[in-house]
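Read the figures in this text as sums done on the coordinates, not as results from a lab. Values in this document were obtained by computation on a predicted structure and should not be read as measured data. Positions of Cβ are generated from backbone atoms using ideal geometry, with glycine treated the same way; all protein chains shown enter the neighbour counts.
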Amino acid sequence: MPSYSAQHLKETAEIVSKLNPDDCEKCVRELVGVRARGGRLFILGVGGSAANASHAVNDFRKIGGIECYAPTDNVSELTARTNDEGWSTVFVEWLRGSRLRKEDAILVFSVGGGNLEKNVSPNLVTALQLAKQVGARVIGIVGKDGGYTAQVADACVIVPIVNANNITPHSEAFQAVIWHLFVSHPDVKMNQTKWETVAKG
């Protein structure tokens, strides 16, 4: 019987083989569009996806030259809004405070994509409802069936399920794989990364 490590890596390779490159290219076009029209990119994620959002903000700003923010980077505002207004509205009220507009885009990192009926990540759903109201674009990197994000997104990559017991780790891991694909894409990448510069010497 193969080790768990062998199994996990086999699943990872299977996911790579099943990802749709056309979905990735569509997301890249959306990212290029938000930069070209002078819009801002807001990255939303909860839990491990929030940590990914913070890392991705750095990459899109530094490598891609896109003005980019993650609401979860300000723990004071996040916790104040959770305490005073409730968890389901933390993102939508933050976006209202940032005056979300049609030139902007939201990028969602999520395992489930948000589901009001099951009360899973309702803050993502209310944020995307606002995005649709103002005409902002919606991009997603999500797992499972993609939930509300996949339903309303203008471009979305869904991480396929290859093992129902590993949906969360694979979904969150592939958020990083895919956003690094985006910022490395020649249409998005504006600035060279450090080690590639060093390697070229």
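Quick notes on this structure:
- Remark: ARG137, ARG40, ARG61 ranked as ARG61, ARG40, ARG137, counting other beta-carbon atoms within 10 Å and listing the fewest first.
- Annotation note: GluC sites (Glu not before Pro) in region 66-141 located in DSSP loop regions with a Cβ neighbour count of at most 10 within 10 Å are GLU117.
- Here the simple spin-label model places points 7 Å from the Cα toward Cβ, and for ALA36 and LYS194 these points are separated by 3.3 nm.
- Taking the Cα centre of the chain as origin and assigning +1 to Lys and Arg Cβ atoms and -1 to Asp and Glu Cβ atoms, the resulting dipole is close to 460 debye.
- Note on ARG99 and ASP22: with the Förster distance fixed at 22 Å, the Cβ-Cβ geometry gives a FRET efficiency of about 0.10.
- Think of it as helices only: each DSSP H run of n ≥ 4 in the chain is worth -39500 (n - 2.57), and spread over all residues that comes to -17000 deg cm²/dmol at 222 nm.
- Cα-Cα over 18 Å, subset of LYS26/LYS62; LYS118/LYS144; LYS132/LYS189; LYS62/LYS189; LYS102/LYS189; LYS62/LYS194: LYS26/LYS62; LYS132/LYS189; LYS102/LYS189
- Diffusion constant of region 21-190 at 20 °C, which comes from Stokes-Einstein with the Kirkwood Cα-pair radius and 1.002 mPa s, µm²/s: 137 µm²/s
- Mean projected area (nm²) of the alpha-carbon convex hull when region 97-169 is viewed from all directions: 5.0 nm²
- LYS132-TRP87 FRET efficiency (beta carbon distance; Förster radius 22 Å; 0.05 resolution): 0.60
- Whole-angstrom gap from region 122-201 to region 37-93, using each part's C-alpha centre: 14 Å
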